[in-house]
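*Asks:* My questions will all concern the structure given below.
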Amino acid sequence: MNRKILFAAAILAAATATAAAAQVRLPVIFPLGRDGAQPAPPSGIPGAPMSTGAMQADLVVKAGSDTVYFPPDGSGLNPNSIATLTAQARWLIANPFAYVRLEGHGGPLDSRDYALAIGDKRASAVRDFLVMQGVAPQRISVMSWGKERPGSVRVGPTVVAAGARVVTVVVQ
Amino acid sequence: MIPTALLKRLLLLLLPLLGLGTAPALAQERSPTASVIAVPPFAITKNVDTDAGNTWSIANQIADLISADLNTTSSFIVANVKDIRIPSYPEVTAPSYPTWRAARVKLLLSGFVSARNDGRLTIGCYLYDVQSGREVARQGFAVTPGEWRRAAHRCADAAYVEATGNSPRFDSRIAYVAESGSPDSPVKRLAVMDFDGASHSYVTEGDATVMSPSWSPTGNRVAYSSFRDGRLHVRIVDLATRQDRPLLPVNEPSFGPAFSPDGRAIALSMSAEGNTDIFTVDSSGGYPRRLTTSQAIDTSPSYSPDGNRIAFVSDRSGSPQIYVMDFDGSNQRRISFAPGAYGSPTWSPDGERIAFTRTEGPTSRIGTIAAGGSGERIVTSGPRDEEPEWSPDGSKIVFQQYDAATRRTLLATVPADGGEVRAIPTPQGGSDPAWAGRKE
């Protein structure tokens with residue numbers, strides 16, 4: 001696997017700026033380790049309990065992604081994030097027993113503390129949106145990783161640091 | 001590039017140090033007022049075996065460590081004493097001045113090591129002005145054999161303080177976060193060591209990511225941020241007992257602690273409903289008191305040395321900038337105005353300046369600014385220098401830098417006014433350094 005890590009900030013920022021200006025969609029970004037290796041959504045008896053791993057996979061399939069991205073210096077939702085989160089909210093309403101943890105991340109260029117603070121702010125913005133869409137607040141917990149789990153994503157052939165994002169993690 | 005002649009001189013200076021466990025350091029440009037000092041091997045009364053080796057080898061290592069310490073400053077030229085007879089035990093307190101005058105040294109730092117009946121060592125050191133034939137300082141210690149380094153650092157401090165009039169600098173420790181594992185999911189452990197990288201020990205196990213250590217003013221406790229139990233919170237550890245507990249009785253995420261100079265309070269960041277503000281709490285625990293109330297991010301508090309003010313970061317203007325407020329949260333005012341993002345402000349020991357990280361585009365550098373907001377200076381060249389802290393005497397700034405070759409974050413120092421960046425040796429990668437003097 002090509003492990004050449006580049007700074008995502010510039011690329012993502014450029015992509016986000018383009019998206020905001022021209023309303024074009026971002027390049028499809030697959031979280032590493034999930035692309036191609038996704039277990040198929042279980043097709044068993046409806047309502048059968050699924051493992052959290054299977055539910056996470058189901059969320060990714062149904063909502064398009066478990067991750068929304070942010071500009072390096074902001075915590076506002078862009079049209080792409082809103083589309084993804086609207087679908088995540090639909091999935092949460094369709095799966096009333098699922099609980100999620102929203103994991104916010106700062107960027108590699110933020111200071112240690114500021115990354116923790118802005119990761120929390122981003123995760124809270126996502127929570128507020130999901131609650132506005134009708135998801136019960138007690139089903140959602142929020143945390144920030146700051147820049148402690150930089151992560152990486154594949155954009156076409158290159159792997160870049162994922163940076164500013166919020167990941168919806170099914171916990172139950 | 002370093003000229004060959006200088007390199008040869010450096011090698012000569014370094015040769016006696018190599019292979020003895022001391023960190024080789026490049027000698028700085030000597031100032032014209034540098035004092036030539038002789039540090040002959042310490043005398044022993046009798047060669048006795050200890051847990052830390054025999055007293056003869058300790059006596060030699062003490063002299064080497066003192067020389068290494070003094071060589072890190074521009075105030076001394078450590079004389080080559082290889083060809084001079086090692087002072088005997090009686091000569092430590094009655095030096096043969098003509099010998100040292102002939103060697104053209106200005107100062108003589110001589111001492112002894114002697115094993116005590118209780119298993120400890122007595123280490124004495126004496127500083128003489130060779131020209132006038134006077135003793136100018138002395139220090140004596142009763143230490144466990146494993147603590148000889150502290151005694152040596154304090155002997156070096158005695159000479160440094162006497163010759164320069166500055167505050168002591170060698171008996172100091174650095175707390176930092178040791179990093180290993182993959183960059184995506186690093187193992188981060190709290191660690192402490194002497195300022196030169198010696199006496200290294202880990203404080204946490206690495207099962208939880210930790211960040212941002214802050215020393216208590218007496219140097220016996222460290223507050224830090226931790227993800228232990230899957231929850232971001234400030235913890236406080238007693239280094240002697242290793243007793244380690246959460247600081248706050250609340251569930252809101254807390255991080256980035258900073259001790260007040262009197263050790264009674266800790267300022268920290270706490271998030272609630274997506275908004276991070278600065279709080280203070282009694283360092284023995286209890287409920288935090290809120291200092292900032294803006295809807296923007298307020299974080300990274302650092303106390304002024306008199307405890308009356310707190311520097312912090314806020315993005316209330318639209319980008320992260322440095323602000324200063326009184327210790328109770330009043331009088332908040334912005335002091336940085338340049339483009340880019342500021343982070344991690346930290347107040348100098350003399351209270352005059354505030355060091356920070358400034359990020360412009362993909363580049364982060366360390367800088368300082370007067371506490372009133374004038375005279376901003378950038379002192380490192382990047383590309384990713386972060387998390388500055390001052391040395392206890394204010395002469396240097398320690399920070400983390402990214403080494404592209406190894407893809408690791410490493411610790412380094414730079415003179416507070418800028419200059420040569422030097423690495424601090426650590427067993428693994430290192431980040432978030434904090435530097436403290438030691439007090440009895």
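The values are calculated or read from the model by the stated rules, or taken from the named source; none is laboratory data. Note that this is a predicted model, so its numbers are computed, not measured. Every residue, glycine as well, gets a Cβ built from its backbone with ideal geometry; the counts of neighbours run over all protein chains shown.
*Asks:* Please list, ordered by residue number, the strands (runs of 3 or more DSSP E) wholly in the stretch A:113-172 having 3 or more residues that are under 14 Å from the mean Cα position of the chain (by Cα) and away from chain B (no Cβ under 12 Å).
*Replies:* A:165-170
*Asks:* Pairs under 6 Å by beta carbon, first residue more than 15 Å from B:I174 (Cβ to Cβ) in the stretch B:215-230, partner surrounded by fewer than 20 Cβ atoms within 10 Å (Cβ to Cβ) and among the aromatic types (F, W, Y), six or more apart or different chains?
*Replies:* none
*Asks:* In the set B:A68, B:A59, which member is part of a helix (DSSP H, G or I) and touching a Phe, Trp or Tyr at 6+ places or on another chain (Cβ under 9 Å)?
*Replies:* The match here is B:A59.
*Asks:* Step by step: first the residues of the stretch B:108-136, then only those that are more than 16 Å from B:F42 (Cβ to Cβ) and of a type outside the set (D, E, K, R), then the one that is surrounded by the fewest Cβ atoms within 10 Å (Cβ to Cβ). Which residue is that?
*Replies:* Applying the filter and picking the extreme gives B:N117.
*Asks:* Okay, moving on. In the stretch B:313-357, what residues are of a type in the set (A, V, I, L, M) and closer than 17 Å to B:D385 by Cβ?
*Replies:* B:V313, B:I322, B:A338, B:A341, B:I354, B:A355
*Asks:* Can you say whether B:F312 is surrounded by 15 or more Cβ atoms within 10 Å (Cβ to Cβ), more than 14 Å from chain A (Cβ to nearest Cβ) and under 27 Å from B:A436 (Cα atoms), as far as the supplied structure shows?
*Replies:* no
*Asks:* Report, ordered by the first and then the second residue, all pairs with beta carbons closer than 7 Å, sequence separation of six or more or different chains, a first member in the stretch B:91-105 that is within 15 Å of B:D129 (Cβ to Cβ), and a second member that is of a type in the set (G, A, S).
*Replies:* B:P95/B:S110; B:Y97/B:G133; B:W100/B:A38; B:A103/B:A38; B:A103/B:A79; B:V105/B:A38; B:V105/B:A79
*Asks:* Here is a list: B:T45, B:T50. Which entry is closer than 15 Å to B:G124 by Cβ and in contact (Cβ under 8 Å) with a residue 40 or more places away in the chain?
*Replies:* Working: B:T50 fails: closer than 15 Å to B:G124 by Cβ.
Checking each option against the conditions leaves just B:T45.
*Asks:* Please state which one of B:R353, B:R377, B:R384, B:R358 is of a type in the set (D, E, K, R), more than 11 Å from chain A (Cβ to nearest Cβ) and farther than 19 Å from B:D306 by Cα.
*Replies:* None of the other options fit; the residue is B:R377.
*Asks:* Mind checking whether some residue in the stretch B:331-341 is among the aliphatic types (A, V, I, L, M) and either surrounded by fewer than 20 Cβ atoms within 10 Å (Cβ to Cβ) or touching a helix residue (DSSP H, G or I) at 6+ places or on another chain (Cβ under 6 Å) (or both)?
*Replies:* Initially, the stretch B:331-341 is screened for residues among the aliphatic types (A, V, I, L, M), giving B:335, B:338, B:341.
Checking the rest, the ones that are also either surrounded by fewer than 20 Cβ atoms within 10 Å (Cβ to Cβ) or touching a helix residue (DSSP H, G or I) at 6+ places or on another chain (Cβ under 6 Å) (or both) come to B:338.
Within the stretch B:331-341 (the criterion being among the aliphatic types (A, V, I, L, M) and either surrounded by fewer than 20 Cβ atoms within 10 Å (Cβ to Cβ) or touching a helix residue (DSSP H, G or I) at 6+ places or on another chain (Cβ under 6 Å) (or both)), the answer is yes, since at least one residue qualifies.
Matching residues to (1) touching a residue at least 24 places away in the same chain (Cβ under 8 Å); (2) in contact with a helix residue (DSSP H, G or I) (Cβ under 7 Å, 6 or more places away or on another chain); (3) of a type in the set (K, R):
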{"position": "B:D171", "(1), (2), (3)": "yes, yes, no"}
{"position": "B:A178", "(1), (2), (3)": "yes, no, no"}
{"position": "B:S182", "(1), (2), (3)": "no, no, no"}
{"position": "B:T204", "(1), (2), (3)": "yes, no, no"}
{"position": "B:V234", "(1), (2), (3)": "yes, no, no"}
{"position": "B:V237", "(1), (2), (3)": "yes, no, no"}
{"position": "B:R242", "(1), (2), (3)": "yes, no, yes"}
{"position": "B:E252", "(1), (2), (3)": "no, no, no"}
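*Asks:* Within the stretch B:250-269, track down each residue that is more than 10 Å from chain A (Cβ to nearest Cβ), assigned to a loop (DSSP other than H, G, I, E, B) and not charged (D, E, K, R).
*Replies:* Those that are more than 10 Å from chain A (Cβ to nearest Cβ), assigned to a loop (DSSP other than H, G, I, E, B) and not charged (D, E, K, R): B:V250, B:N251, B:S260, B:P261, B:G263.
*Asks:* With respect to the numbered conditions (1) surrounded by fewer than 24 Cβ atoms within 10 Å (Cβ to Cβ); (2) more than 11 Å from every other protein chain (Cβ to nearest Cβ); (3) hydrophobic (A, V, I, L, M, F, W, C), which one is the sole condition not fulfilled by B:A272?
*Replies:* Among (1) surrounded by fewer than 24 Cβ atoms within 10 Å (Cβ to Cβ); (2) more than 11 Å from every other protein chain (Cβ to nearest Cβ); (3) hydrophobic (A, V, I, L, M, F, W, C), the lone unmet condition for B:A272 is (2).
*Asks:* Looking at B:D184, B:D207, which one is part of a loop (DSSP other than H, G, I, E, B) and either crowded, with 23+ Cβ neighbours inside 10 Å or at pLDDT below 90 (or both)?
*Replies:* B:D184
*Asks:* Can you tell me which residues in the stretch B:218-238 are in a loop (DSSP other than H, G, I, E, B) and crowded, with 18+ Cβ neighbours inside 10 Å?
*Replies:* Answer for the stretch B:218-238, where residues must be in a loop (DSSP other than H, G, I, E, B) and crowded, with 18+ Cβ neighbours inside 10 Å: B:G219, B:F227, B:L232.
*Asks:* Hey, does the stretch A:82-101 have a residue that's of a type in the set (D, E, K, R), part of a helix (DSSP H, G or I) and either free of Cβ contacts under 8 Å to residues at least 60 places away in the same chain or within 12 Å of another protein chain (Cβ to nearest Cβ) (or both)?
*Replies:* Of the stretch A:82-101, the ones of a type in the set (D, E, K, R) are A:90, A:101.
Still in the list and also part of a helix (DSSP H, G or I): A:90.
When the remaining residues are screened for being either free of Cβ contacts under 8 Å to residues at least 60 places away in the same chain or within 12 Å of another protein chain (Cβ to nearest Cβ) (or both), the result is A:90.
Yes, the conditions are met somewhere in the stretch A:82-101.
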